[in-house]
Amino acid sequence: MQRLSKRDSFFIGLTLFSMFFGAGNLIFPPFLGAQAGTSTWLAMAGFAVSAIGLPILGVVAVAQSGGLPVLAGRVGRRFAWLFTLLIYLSIGPGLAIPRTASTSFEMAVTPFWPEAPAWVLPAYSFVFFLVAMLVAFRPEKLTDRLGKLLGPTLLALILVVVIGCLVNAPGGYGAPSGAYTGNVLAQGFVDGYQTMDTIAALNFGIVIALNIRSKGVEDDRSVVRYTIRAGWIAGAVLLAVYAALAHIGAVSGGSFADYTNGAGVLTNLVSWMYGPVGAVLLGLIFVIACLNTCIGLFSCCSEYFSLQWPRIPYRAWVAIFAVISFFISIAGLDTILAVSVPILNAIYPVAIVLIALGLAHRSTGKAPLCYPVAVAFTALVSIPYALAGAGLLPAGLAAVVKALPLYQEGLCWLLPAILGGVLGACVSLLKQRR
């Protein structure tokens, strides 16, 4: 039986980190630090649970289950088809892939060409997606291209920023502000949704398994074991990078008041430390991070769709998603982010519940109704919660939703999920006894 060397295991883990670490991963930790200020590390604890813990547990749950369709299939066949499709579309051409081009454009082009003509964004997106598409044509080679080249390059550039902040910080942490003046832990947890990594984790395993098999590992159990190991390696690297970025954000937020998002927080500090060179450094970081994630998303989405609809080959799916993502990216970053928030608020809780049930399958599998009832109860709350947050519910219904327990913390779906799981277990046990 072929074994994976420690060196290959590390680089496959770094490949998974590179696929996870994209636009949102760069933007949200610094913004959290800037707003949380002296409460940064409490906020980071909540953020780490949803932005690191849940994604890695998602990799584990999917690997142990034998794939997302199998895991979601425990709820029901139709749900599995619809939920898997929604997941792949949301982390693929519908939201996450276009966001990689829009975000990297905002950081790599806009600072140097603030009055750029309208054609510049489409031109940039075209080149960006063309490069990502060509690399994604060989998904089994991602370990060589992301894990061994682009991933280490990205970490080295981030290290330059971190060292600069440690050696020459402009000031200290400021007072908490904005959403972090209260419920800091819960706010950090909810903000971790925005990285979209828990959703991405449900899909990345298909490409990681492909890279493991390309190293000669064919035994299914070994592939699962090495996939889980890659998840823990990626999680450790994410934790270190997020902590560094949160510290940078807290220092920047305490020293510079003119920021509206995480990109502005980073720009203020890097420009202060390195001057004009800082803008180039930051632009490179964003381009590489976004390109890595875009390549990973192209690969996992196209692998899935080529298996579901084999008449269209893998490379054709990559090209299709590149074209769709190109046109959506032209809408701009602000529009994409505005649309993504309610969609994430609706499907993220369902993904979390599904992961939790999958991890506890030795117990929940004995009471199969846990899956459909818990997911149904979760969706019955998470969907209205998302619509209320987006202002799309009538005032009366919105008031009912806002009166739910834990609404202010963004966790109003939690108690219904637990209730649904318990109810499903009880009904299953009663049926078994009969």
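The values are calculated or read from the model by the stated rules, or taken from the named source; none is laboratory data. The model shown is predicted, which means the values in this text are computed figures rather than measured ones. All Cβ positions, glycine included, derive from the backbone under ideal geometry; neighbour counts span all protein chains shown. Just so you know, the surface numbers come from the protein's heavy atoms only, side chains and all, with ligands and any DNA or RNA stripped out. Shrake-Rupley method; radii C 1.70, N 1.55, O 1.52, S 1.80 Å.
General observations
- Added length on full extension, which subtracts the Cα-Cα distance from 0.36 nm per residue, residue 181 to residue 341: 55.5 nm
- Reachable lysines from residue 6, criterion Cα separation under 27 angstrom, eight or more residues apart if same chain: 141, 148, 215
- Sulfur and carbon atoms: percent of accessible area, the chain [1.4 Å]: 68 percent
- Taking packing as the residue-averaged number of other Cβ atoms within 10 angstrom, the listed peptides 204-214, 182-192 run from highest to lowest as 204-214, 182-192.
- Average accessible surface area per residue within region 240-351, 1.4 Å rolling probe, Å²: 37 Å²
- Kyte-Doolittle mean at least 1.0 and Cα axial length at least 27 Å: DSSP H helices in the chain: 276-308, 333-359, 370-389, 414-433
- For the pair residue 280 and residue 258, the difference between a 0.36 nm per residue extended length and the Cα-Cα distance amounts to 5.9 nm.
- Whole-angstrom Cα spans of region 1-101 along principal axes, big to small: 46, 38, 29
- Scaling against 2.2 N^0.38 Å puts the C-alpha radius of gyration of region 66-184 at 1.51.
- Range of Cα positions in the chain per principal axis (Å), largest first: 74, 54, 41
- The mean of 1/r over all pairs of different alpha-carbon atoms in region 136-257, once inverted, gives a Kirkwood hydrodynamic radius of 17.3 Å.
- Extension gain, residue 45-residue 232: 0.36 nm per intervening residue step, less the Cα-Cα distance, totals 65.6 nm.
- Tensor-based shape of region 286-434 (alpha-carbon gyration tensor, a/c under 1.5 rounded, otherwise prolate or oblate): oblate
- Proximal lysines relative to residue 366, as straight alpha-carbon distance under 16 Å, when same-chain residues fewer than 8 apart are discounted: 431
- In plain terms, the C-alpha convex hull of region 162-221 casts an average shadow of 8.0 nm² when viewed from every direction.
- Tail beyond 16 Å, pair distance distribution of region 263-357 (Cα, percent): 73 percent
- Kirkwood Rh and Cα Rg combined as Rg over Rh, evaluated for region 144-194: 1.16
- Residue 168 paired with residue 409, simple spin-label distance in nm, labels 7 Å along Cα-to-beta-carbon: 4.3 nm
- Rounded accessible area per residue of region 1-109, 1.4 Å, Å²: 32 Å²
- Note on region 413-434 and region 141-179: Cα centroid distance 45 Å, given to the nearest whole angstrom.
- Normalising the average separation of contacting C-alpha pairs (under 8 angstrom, six or more residues apart) by the number of residues puts the relative contact order of the chain at 31 percent.
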